[in-house]
Amino acid sequence: YARADATDPESLLAGLEARVSFSFFRDPFDPRALELLNKTNQFNLNGRRWEESSLRALLRKPEAVLCVTSYEDRFGALGKIAVAVGVIEDGAVRLQSWVMSCRAFSRRVEFATLEALFQHTPAGTLVLDWQSTPRNSPTRETLALFYDEVPVAGTLCLTRDEFVLRCPRLYATMSLTT
């Protein structure tokens, strides 16, 4: 891409040649998923920390959903950088935790992850267990694109239609592994 476009965020994103992959495998257990859930603070849906035994117990349930997101672009691979975990209930995916490493900020990986959840699951709605923390303002900023007002805490519902309406353009090539 041209240097003249270097200050335009859309041109920068388009020029990254980003590839985002999503793994929905729950077995074998992924220790990196647990590590991300327990050490990520800035992009963190609610600050929840997981014991390995609790996460393993949840993932044994047939209604469990685990999405591990990996990212690479023309500058190299960032590896596994985001995790969403929850359950399918009443035709929706209830996200109990959703985190993303700060290494992936500004690349729209968070939106690609939501898109993957809508594509991979039968749910037309994502239910987010939201809780503001002293450090998760990047998550609040992302949620503010979809909600007129983001409360300090609560259950937020995001429909597929609302996501499509408000989601910024995604430039990355996406692939799903199930």
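The values are calculated or read from the model by the stated rules, or taken from the named source; none is laboratory data. For clarity, every value in this text was computed on a predicted model and none was experimentally measured. With ideal geometry, Cβ positions are generated from the backbone for all residues, glycine too; neighbour counts draw on all protein chains shown. Surface areas here come from the heavy atoms of the whole protein model, side chains and all, with no ligands, DNA or RNA. Shrake-Rupley method; radii C 1.70, N 1.55, O 1.52, S 1.80 Å.
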### Task
Among the candidates Ala112, Ala84, single out the residue that is within 11 Å of the chain's Cα centre (by Cα) and free of Cβ contacts under 8 Å to residues at least 40 places away in the same chain.
Ala84
### Query
In this structure, is Arg56 in contact (Cβ under 8 Å) with a residue 12 or more places away in the chain, in a helix (DSSP H, G or I) and more than 19 Å from Ser106 (Cβ to Cβ)?
yes
### Task
Please work out if Ala116 is closer than 22 Å to Leu12 by Cβ and either out of contact with any strand residue (DSSP E or B) (no Cβ under 6 Å at 6 or more places or on another chain) or modelled with pLDDT of 95 or more (or both).
no
### Query
Which is without any contact (Cβ under 8 Å) to a residue 24 or more places away in the chain and closer than 30 Å to Asp8 by Cβ, of Arg135, Arg140, Arg103, Arg107?
Arg140
### Summary
If we ask which residues in the stretch 128-147 are outside any helix (DSSP H, G or I), within 11 Å of Leu158 (Cβ to Cβ) and open to solvent by less than 40 Å² (accessible area, probe 1.4 Å), their number turns out to be 4
### Summary
Scanning the stretch 148-164 residue by residue, those more than 17 Å from Phe111 (Cα to Cα), in a strand (DSSP E or B) and β-branched (Val, Ile, Thr) turn out to be Thr155
### Message
Among the listed residues Leu95, Leu145, identify the single one that is under 15 Å from the mean Cα position of the chain (by Cα) and under 17 Å from Ala64 (Cβ atoms).
### Response
Leu95
